[in-house]
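Sharing a structure below in structure tokens format, with a few things to ask.
Just so it is clear, none of the values below were taken in a lab; they were calculated from the coordinates. Remember, predicted model here, so these are calculated numbers, not experimental data. Using ideal geometry, Cβ is built from the backbone for each residue, glycine included, and neighbour counts are taken over all protein chains shown.
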Amino acid sequence: GESGVEFITDYRGVAVMSAYTSLAVGGHTWAVVAEFDREEIVSSAAAERPSLAGALLFIYGLSLWSVWYWRGSRMDGSVGGGEFADIDLDVGDFGDSSGMGV
């Protein structure tokens, strides 16, 4: 019962990733082995790179646009920012009769 994944050289002299484990079926234990050429693994990973880069670029652009839109709308008060213009931020004197700093 061992199992694992290793890069080895197969009978053709080619570097492969070999995954192996044991499998019990009925009263017998079988060895299960799967091998993939290293070049096949590298080429499939390289083929996925442009699509991943495109998706990441789209998400990055969308996040930049949303920050630009949100900050712009809050600064000029045009989109839902009107209620912030009438807020009085003066706290007053802390020694007054409001009980905030006696």
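Positive end of the dipole of segment 1-60, charges at C-beta (+1 Lys, Arg; -1 Asp, Glu), about the Cα centre: which of 58, 42, 4 has its Cα farthest in that direction?
The Cα lying farthest towards the positive end belongs to 58.
Also, quick follow-up: Give the relative contact order (percent, whole number) for segment 11-56; include only Cα pairs under 8 Å separated by 6+ residues.
31
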